[in-house]
Amino acid sequence: MKRIYISLIALVALLSSCAKDHSNYDYRPKENITVKGMETSYTVISEKDNLVINPEVSSTDASAQFEYLWGIYETNVQGAVPVLDTLAKTKNLNYAVKKPAKGWVLVYRVTNKNTKYSQYFTSSINIVTEFTRGWYVAKDDGAQADLDLFLTPTNIIPESKKENIYSAVNGAKLAGQAQLLSYYTGYKSDVTGVLGNTKTLVLSTSKDVSTIYINTLKKIRTLDNAFFETPATRGPCYAFLGSSAYYLINGGQVHAISNSSLNVGIFGGRFLRDANNSPYSLSKYFMANWLTNAYMYDETSSSFVALSQGYGTSLTSVTDDAGTAMPAANTNKKLIYMGIKNTTYLPAPAYRYALMGCAIFQDKNNPAVKTISEIYADEFRMKFTNTPINATEQAYNGTNFTVPYAQENILYFSVNGNQIWSRNLSNNFEKLEYTLPAGEEVTFIRHKAYSSEAPYTYNFIMIASQTGGNYKIRMFNKASGSITGGPMVTLEGTGIAKDVLYITPSVGEGTYTTQW
Amino acid sequence: MKNLKYVFVLAIVAAFTACKQDQYYLYNDIGRLQFGPNPDLIYRTTYNLADTLKTYTFYYKDATVTQDTVFFDIYAIGGTKNTDRSFTLAQEQLPNVLNAEPGKHYVAFNDPKVTKFYVIKAGSVHTRVPVVLLRDPSLKTNTPKLKFKVISDANFQLGEPNLIWRKVEFTDRLSQPSQWTASFSQYYFGKYSVTKHAFLIDATGQKWDDDFINNLYATGGLISYYQMMVKTALIDYNNAHPGNPLKDEAGELIVFP
């Protein structure tokens with residue numbers, strides 16, 4: 001019996017002991033292929049430049065025989081999987097750039113034919129057109145709007161100008177007086193032949209809106225076809241973006257494209273004010289950027305309303321946060337100005353952004369009473385901290401207000417048409433920053449900053465003026481919130497300037513906050 | 001010891017014969033027939049039961065239209081043949097409902113006008129089954145149901161039991177489209193009623209049938225647009241009829257979530 005057991009154990013051992021040897025007995029060091037002469041990024045102009053790269057290739061395998069593949073795939077793709085498009089199978093690349101202007105990744109695959117070992121090398125490729133870099137000025141002649149483009153081929157200082165470029169490309173100006181410029185990178189269109197994310201400049205006017213493909217400056221849609229149903233009211237239009245949504249106020253009614261779900265780049269219906277479809281009329285002032293809800297002000301009910309990600313069918317009434325100095329609803333105040341100063345991330349369990357803003361109110365019962373409110377807005381709640389503006393203070397008679405985003409706690413405004421003042425919102429100290437030459441009148445004040453590319457970075461206070469039907473936009477550096485030195489950039493042209501935006505291939509939706 | 005040798009030899013033989021490459025199962029049964037989804041969806045298991053029930057209404061058709069055809073997809077299992085193969089369908093009576101009557105509500109499955117279409121063509125495993133619905137005046141007030149199934153015959157035996165039948169409900173009134181599903185009700189337009197359906201048609205100028213609802217899903221942002229439109233229209237209607245808000249045929253208040 002014992003032998004039986006031994007035999008059976010031997011048998012089991014026999015059947016289970018044999019396994020194919022998959023061990024690796026190749027003790028050579030890991031191969032490493034090296035490529036020199038390939039930059040980490042290239043910027044080329046579509047339909048004009050050749051992308052020429054002559055790399056030096058070597059391997060730790062002294063007997064290596066190489067084969068090569070150059071390919072390219074696009075970035076910022078939504079709703080599709082990017083495909084690697086083969087450009088060449090040669091060692092050197094000489095590619096006449098045909099791809100549309102946007103961000104791409106160049107892939108260089110080097111394979112050692114002896115060992116079949118491949119190594120990949122990549123570079124980011126910014127494909128641009130002459131329209132994808134420069135200062136855009138939104139302007140009008142009192143009745144029709146257009147764009148001027150100031151080209152900046154080497155640094156932030158413009159070297160030449162293309163006047164009335166919108167009408168030159170599209171054959172006609174846009175009706176109405178220019179209002180705001182904004183810039184989207186996730187706006188959906190089929191300008192490239194398939195529905196996809198489109199880098200889009202948006203020009204809002206008092207009577208129309210135009211979404212413009214930045215690569216060609218051709219209009220994508222206007223008020224006539226930007227909606228599922230063309231609104232009966234034509235303007236004034238104010239286009240801006242919030243978190244995962246594009247908003248458009250038209251004639252005081254707000255429409256949205258929710259970008260967190262599939263969409264075709266068409267604005268939906270008019271949001272209802274409430275379950276009773278109460279009438280409403282939104283102010284031209286709003287607070288929103290790519291991180292936040294959109295907060296607006298209903299002038300009909302003197303109440304704040306909000307939207308999150310463009311969802312829903314009705315506006316959400318903002319409620320009061322603890323310690324607020326005034327209610328968010330039925331304020332009985334006229335909104336003179338509102339802007340967003342900063343955002344702050346609220347960690348777990350909130351996982352969202354709250355924003356800090358600034359508003360200036362005028363009491364409806366007693367118009368002599370004006371206040372500056374610092375606003376803290378989170379979800380659909382607001383807290384106001386109010387400071388009266390004395391009639392003796394400059395801000396009392398100020399116009400063209402603006403607050404810089406993510407900068408000092410300062411309010412800029414103009415007085416008497418040509419004086420630029422600042423007000424420190426922390427201590428209410430007011431300071432005369434600049435005085436325009438006699439005859440010039442301020443048309444807007446903005447702050448904008450860009451920090452992505454060394455020769456093109458800036459952090460400017462921008463003062464636009466007009467005289468005799470011509471505009472001049474002076475851009476100043478600032479130190480501790482105050483203008484320092486003379487203008488670093490000056491843009492001049494015909495018409496009345498209403499907004500300015502610096503566009504580069506690297507500008508994204510989070511670069512700027514659209515606001516007055 | 002002798003026995004031990006036998007055991008050992010048997011074990012060796014068993015060891016060498018125990019492992020054998022698995023033989024693929026080859027279909028060698030007789031031809032079978034069962035319904036299925038549109039050919040585009042045939043290999044997507046979640047669509048196996050799609051089109052089990054179809055609804056139809058003559059409501060949108062011109063008054064001169066006296067009949068219309070609803071199609072179902074049917075598939076032969078067991079490969080193709082070199083000759084055409086006819087198949088047989090028959091109505092199955094449903095308990096406690098108004099069953100459709102052949103010749104009155106639909107063209108009977110044994111009527112030569114339709115039996116000539118009940119054929120799997122040579123070289124094919126699929127065809128579309130036409131069910132010809134008749135616009136009987138009773139459809140103005142009724143919604144008969146027609147359940148029909150595959151009958152085994154000389155050419156085909158039955159396929160999977162839960163795929164050998166289909167059902168169509170039809171009327172000459174507004175009826176709940178197949179695509180007005182539970183989720184469509186829950187997330188977008190609420191509980192279906194004929195009154196609500198008529199209101200939607202009136203408010204939007206659209207049919208709100210299956211094609212329209214499919215397009216709502218396919219066009220990003222369109223559902224939200226129509227939600228706003230019909231909510232606004234309902235509020236306006238109720239404001240214009242104080243104390244008499246819109247109610248459905250069961251007397252329930254019509255709402256959109």
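The values are calculated or read from the model by the stated rules, or taken from the named source; none is laboratory data. Note that the structure is predicted; figures quoted are calculated from it, not measured. Positions of Cβ are generated from backbone atoms using ideal geometry, with glycine treated the same way; all protein chains shown enter the neighbour counts.
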Residue A:493 is checked against (1) more than 30 Å from residue A:42 (Cβ to Cβ); (2) not in a strand (DSSP E or B) and fails just one. What number does that condition carry? (2)
Across (1) more than 19 Å from the chain's Cα centre (by Cα); (2) in a loop (DSSP other than H, G, I, E, B); (3) among the hydrophobic types (A, V, I, L, M, F, W, C), residue A:156 clears everything bar (1)
Of the criteria (1) at pLDDT below 95; (2) assigned to a helix (DSSP H, G or I), which one residue B:235 fails: (1)
Which one of B:230, B:255 is assigned to a loop (DSSP other than H, G, I, E, B), at pLDDT 95 or above, more than 27 Å from residue B:66 (Cβ to Cβ) and within 14 Å of chain A (Cβ to nearest Cβ)? B:255
Inter-residue pairs, beta-carbon under 8 Å, first at positive phi and in the range A:46-63, second not in a strand (DSSP E or B), 6+ apart: A:47/A:97; A:47/A:98; A:47/A:129
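In a strand (DSSP E or B) and of a type outside the set (A, V, I, L, M): is that true of residue A:439 in this structure? First the steps, then the outcome.
On the way: in a strand (DSSP E or B): no; of a type outside the set (A, V, I, L, M): yes.
It is false that residue A:439 is in a strand (DSSP E or B) and of a type outside the set (A, V, I, L, M).
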Quick count over the range B:99-125, residues being in contact (Cβ under 8 Å) with a residue 24 or more places away in the chain and in contact with a Pro (Cβ under 8 Å, 6 or more places away or on another chain), is 5
Give the range A:252-268 a look and list any residue that's within 9 Å of chain B (Cβ to nearest Cβ) and in contact (Cβ under 8 Å) with a residue 40 or more places away in the chain, or say none. A:256, A:257, A:258, A:262, A:263, A:264, A:265, A:266, A:267, A:268
For residue A:237, work out the one condition from (1) crowded, with 22+ Cβ neighbours inside 10 Å; (2) more than 24 Å from residue B:217 (Cα to Cα); (3) out of contact with any Asp or Glu (no Cβ under 7 Å at 6 or more places or on another chain) it doesn't fulfil. (3)
If residue A:449 satisfies every condition in (1) surrounded by fewer than 19 Cβ atoms within 10 Å (Cβ to Cβ); (2) more than 18 Å from the chain's Cα centre (by Cα); (3) closer than 21 Å to residue A:135 by Cα; (4) of a type in the set (A, V, I, L, M) but one, which is the exception? (2)
Inside the range B:137-154, can you point out the residues that are under 22 Å from residue B:68 (Cβ atoms), part of a loop (DSSP other than H, G, I, E, B) and free of Cβ contacts under 8 Å to residues at least 40 places away in the same chain? B:141
Given the options A:250, A:293, name the one that is touching a Cys at 6+ places or on another chain (Cβ under 7 Å) and surrounded by 23 or more Cβ atoms within 10 Å (Cβ to Cβ). A:250
Limited to the range B:183-227, what total is found for residues that are closer than 23 Å to residue A:259 by Cβ, among the aliphatic types (A, V, I, L, M) and either crowded, with 16+ Cβ neighbours inside 10 Å or touching a residue at least 60 places away in the same chain (Cβ under 8 Å) (or both)? 3
Which number in (1) under 27 Å from the mean Cα position of the chain (by Cα); (2) not in a loop (DSSP other than H, G, I, E, B); (3) not charged (D, E, K, R) marks the one condition that residue A:406 misses? (2)
For the range A:403-417, which positions are surrounded by fewer than 22 Cβ atoms within 10 Å (Cβ to Cβ) and aliphatic (A, V, I, L, M)? A:406, A:415
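Go through the residues of the range B:236-249 one by one and say whether even a single one is touching a residue at least 24 places away in the same chain (Cβ under 8 Å), under 21 Å from the mean Cα position of the chain (by Cα) and more than 12 Å from chain A (Cβ to nearest Cβ). Steps first, please.
Initially, the range B:236-249 is screened for residues touching a residue at least 24 places away in the same chain (Cβ under 8 Å), giving B:237, B:246-249.
Remaining after also requiring under 21 Å from the mean Cα position of the chain (by Cα): none.
No, the conditions are met nowhere in the range B:236-249.
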Show the residue pairs that are 6+ apart or on different chains and have beta-carbon atoms under 7 Å apart, the first residue being within the range A:271-292 and away from every other protein chain (no Cβ under 14 Å) and touching a residue at least 60 places away in the same chain (Cβ under 8 Å), the second being assigned to a loop (DSSP other than H, G, I, E, B) and of a type outside the set (Lys, Arg). A:284/A:236; A:285/A:516; A:289/A:513; A:290/A:243; A:290/A:509; A:290/A:510; A:291/A:243; A:292/A:243
Look at the range A:370-390 and say how many of its residues are over 20 Å from residue A:309 (Cβ atoms) and of a type in the set (D, E, K, R). 3
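Scan the range A:118-161 for residues that are within 30 Å of residue A:107 (Cα to Cα) and small (Gly, Ala, Ser) and report the count.
To start, the set of residues in the range A:118-161 that are within 30 Å of residue A:107 (Cα to Cα) comprises A:118-134, A:152-155.
From what's left, small (Gly, Ala, Ser): A:118, A:123-124, A:134.
Matching residues across the range A:118-161 total 4.
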Can you name every residue in the range A:407-456 that is farther than 17 Å from residue A:481 by Cα and of a type in the set (A, V, I, L, M)? A:415, A:436, A:438, A:442, A:454
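When you scan the range A:160-223 for strands (runs of 3 or more DSSP E) that lie fully inside it, which ones turn up with 3 or more residues that are touching a residue at least 60 places away in the same chain (Cβ under 8 Å) and either of a type in the set (Phe, Trp, Tyr) or away from chain B (no Cβ under 14 Å) (or both)?
Details: elements: A:160-162, A:178-189, A:196-205, A:209-213, A:219-222.
The strands (runs of 3 or more DSSP E) meeting that bar are A:178-189, A:196-205.
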Take the residues in the range B:155-175 that are assigned to a loop (DSSP other than H, G, I, E, B) and surrounded by 18 or more Cβ atoms within 10 Å (Cβ to Cβ); name whichever of them is nearest to the chain's Cα centre (by Cα). B:164
Residue, farthest from residue B:171 (Cα to Cα), within the range B:129-150, restricted to residues that are modelled with pLDDT under 95 and β-branched (Val, Ile, Thr): B:141
Can you find a residue in the range B:158-179 that is touching a residue at least 40 places away in the same chain (Cβ under 8 Å) and within 14 Å of chain A (Cβ to nearest Cβ)? no
Out of all the residues in the range A:418-434, which are loosely packed, with under 14 Cβ neighbours inside 10 Å and farther than 24 Å from residue A:323 by Cα? A:429, A:432
Options A:75, A:129, A:86; residue that is of a type in the set (Val, Ile, Thr), touching a Gly at 6+ places or on another chain (Cβ under 8 Å) and over 18 Å from residue A:40 (Cβ atoms): A:86
